[in-house]
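Visitor: Before I ask anything, let me first share the structure, which is written out below as structure tokens.
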Amino acid sequence: MQLVKLITPKKINKLQVILLTFLVLFFTAFQPVLAQDNSPYSRYGIGDLVPHSNINTRGMGGLSAAYNEMLSLNFNNPASFSSFQTDKEARSKKLKAGRAILDVGLNFENRTLKDPAFTQRFTASNALFSYVQVGLPLKANWGLSFGLRPISRISYNIRRRELLIDPNTSQPIDSALTSFKGEGGAYLASIGTGFSIFNKMKKDKKDPNQLIGEEKLSVGFTAGYLFGKKDYSTRRTLFNDTVFYYQANYQTTTNYGNLNFSAGLQYKVPVKKNLILTVGAYGSWGQKLNATQDILRETFTYNQEVGELRLDSVSDKRDVKGKIDLPSSITTGFVLQKLPVLNKEAGWLFGIDFAKQNWSNYRFYGLRDSLINNWELRVGGQVDPIPKRNYFSNISYRFGFFIGPDYVQVGKKLNRIGGSFGLGLPLATNRQAPNQATRINLAMEYGKRGNNSNLLSENTFRLSLGFSLSDFWFIKRKYD
């Protein structure tokens with residue numbers, strides 16, 4: 001894709017360094033302050049599952065099984081790491097080099113909760129770190145990637161007021177205020193590698209002397225450390241005109257973590273010149289997390305100067321050991337892509353993914369939760385206009401949708417459905433470093449969880465912003 005020169009070389013280098021450094025530090029440092037979400041469904045399992053893919057594919061409904069793009073990182077399927085250098089790209093530049101990539105993502109969300117029994121709605125907004133990922137070429141058709149990303153988020157704060165009735169007289173005796181609060185979530189720090197185990201140039205059937213592209217089979221593996229926290233508390237206050245009651249706190253804090261593994265494969269075959277079909281799959285098997293739990297039952301009082309003060313500890317258990325069983329998952333799909341041709345032909349991409357997770361096998365300290373096996377269908381595409389010198393012809397336009405039941409079930413199933421739209425915005429190349437490529441990726445997603453038959457329905461609008469920076473490495477330079 002030809003990049004239009006919009007910013008001078010000196011300015012673009014300064015913008016990249018200053019903007020990325022500021023954003024990463026800001027969102028990492030202030031995420032707990034900004035994340036003022038309130039989703040009661042995050043109480044179950046490991047919490048609300050955050051978007052699973054990079055910003056590119058979120059604009060296409062979340063395609064990830066067969067997606068492969070040299071200017072971004074598909075961290076879901078490690079088999080894609082084998083394409084940090086494509087043979088076609090290296091030959092065109094006459095370089096024995098690979099493309100290193102830095103990919104950073106940020107989320108801005110707006111969530112609306114609605115109880116079918118009331119007209120009032122609750123709306124919360126937040127800004128969250130999405131991921132940071134680095135990809136490095138090791139050899140031709142062999143790459144390495146590492147990074148950090150969130151897996152789930154727990155964030156709710158609910159208050160319930162009620163009037164207590166004497167069962168003997170059926171008369172009200174006291175009023176009560178109960179506060180339910182949850183915080184935490186899971187993160188994955190990972191490193192993975194992907195490499196080609198078979199690749200050859202394919203010839204045109206009609207003209208054996210004409211090469212139409214590379215046929216390639218790649219596999220990949222990822223190892224990481226999955227860690228997180230679940231902090232649940234229930235605080236209850238009783239009100240009476242003549243009797244004073246102490247406030248009660250029931251709090252359970254669980255910290256967990258362990259090694260986590262996944263694997264994937266991709267098979268790319270040229271159908272004809274500039275038309276490529278890729279099929280892929282990735283997944284993980286059931287794994288266990290080591291957990292420790294602090295269980296606290298206490299009475300407390302509130303002081304305006306110092307906050308909550310413990311009065312008496314009814315029960316205080318520390319470091320209770322246990323296990324958390326995570327389920328297996330698998331995602332399969334395909335992508336059919338037509339490559340654009342400069343000043344001649346537009347390009348396009350279309351793909352479908354199907355994902356399945358066995359959440360009924362989830363166990364928390366040996367106990368089940370309100371979870372079910374779930375699936376998700378993702379459909380998406382991308383259009384690349386005929387590349388010309390005007391900027392808008394160099395933008396990638398993306399669209400997609402997804403559908404499937406949520407993994408949480410409280411009462412009836414929580415059906416999920418949503419759509420997305422995205423843009424790939426290229427920035428100017430640097431004359432002093434012509435092999436660099438920078439792209440800003442935008443994705444807008446709207447999703448709905450539940451309907452009037454559920455206890456609560458949620459509408460979520462998410463704006464995701466991604467920065468993808470890449471450059472050729474291992475170039476043998478010559479000096480005159």
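Values quoted throughout were computed directly from the atomic coordinates according to the rules given, and no laboratory measurement underlies them. Remember, it's a predicted structure, so these values are computed and weren't measured experimentally. When we count neighbours, we look across all protein chains shown, and the Cβ atoms used for this are built from the backbone with ideal geometry, even at glycine.
Visitor: Please enumerate, by chain and number, the aspartates and glutamates with C-alpha under 14 Å from the C-alpha of K114, excluding those fewer than 8 residues away in the same chain.
Guide: Of all the aspartates and glutamates, those that pass the test against K114 - Cα under 14 Å, at least 8 places apart if same chain - are E458.
Visitor: Further, regarding this structure: If you rank K216, K229 by fewest surrounding Cβ atoms within 10 Å, what's the result?
Guide: So the residues, fewest neighbours to most, are K229, K216.
Visitor: Determine the alpha carbon to alpha carbon distance for each of K139/K200; K273/K344; K200/K388; K273/K356 and list only those over 24 Å.
Guide: Pairs exceeding the cut-off: K200/K388; K273/K356.
Visitor: Now for a separate question. Taking neighbour Cβ counts within 10 Å as the exposure measure, how do K200, K139 sort from fewest upward?
Guide: Fewest-to-most ranking of K200, K139: K200, K139.
Visitor: Divide by every residue of the chain the summed helix terms, -39500 (n - 2.57) for each DSSP H run of at least 4, and state the resulting mean residue ellipticity at 222 nm, rounded to the nearest 500 deg cm²/dmol.
Guide: -2500 deg cm²/dmol
Visitor: Using +1 at the C-beta of Lys and Arg and -1 at the C-beta of Asp and Glu, which of S393, L423, N74 has the Cα lying farthest in the positive direction of the dipole of the chain?
Guide: Of the listed residues, the answer is S393.
Visitor: Equivalent-ellipsoid semi-axes (√(5λ), Cα gyration tensor) for region 356-416, whole Å, largest first?
Guide: Semi-axis lengths for region 356-416 are 42, 12, 8 Å.
Visitor: So how do W348, W285 line up by other beta-carbon neighbours within 10 Å, fewest first?
Guide: W285, W348
Visitor: Classify region 133-186 from the C-alpha gyration tensor, please: rounded if a/c falls under 1.5, else prolate or oblate depending on whether a/b exceeds b/c.
Guide: Cα axes put region 133-186 in the prolate bin.
Visitor: Report the relative contact order of the chain, percent, no decimals, based on alpha-carbon pairs under 8 angstrom and at least 6 residues apart.
Guide: Contact order relative to length: 18 percent.
Visitor: Next up: Where the only charges are on Cβ atoms (+1 Lys, Arg; -1 Asp, Glu), what is the dipole of the chain about its Cα centre, to the nearest 20 debye?
Guide: Numbers: 62 positive and 36 negative charges, 502 e Å.
Around 2400 debye, computed over the chain.
Visitor: Report Rg(Cα)/(2.2 N^0.38 Å) for the chain, keeping two decimals.
Guide: 1.13
Visitor: Moving on. Starting from the 7 Å offset along Cα-to-Cβ, what nm value, one decimal, do you get for the label separation of D319 and N451?
Guide: Once both label points are built, they end up 5.2 nm from each other.
Visitor: Could I ask something else about it? Roughly how tilted is helix 9-34, in degrees to the nearest 10 and between 0 and 90, from the longest Cα axis of the chain?
Guide: 20
Visitor: I'd like to compare 163-173, 334-344, 259-269: which one has the highest average count of other Cβ atoms within 10 Å, and what's the full order after that?
Guide: 259-269, 334-344, 163-173
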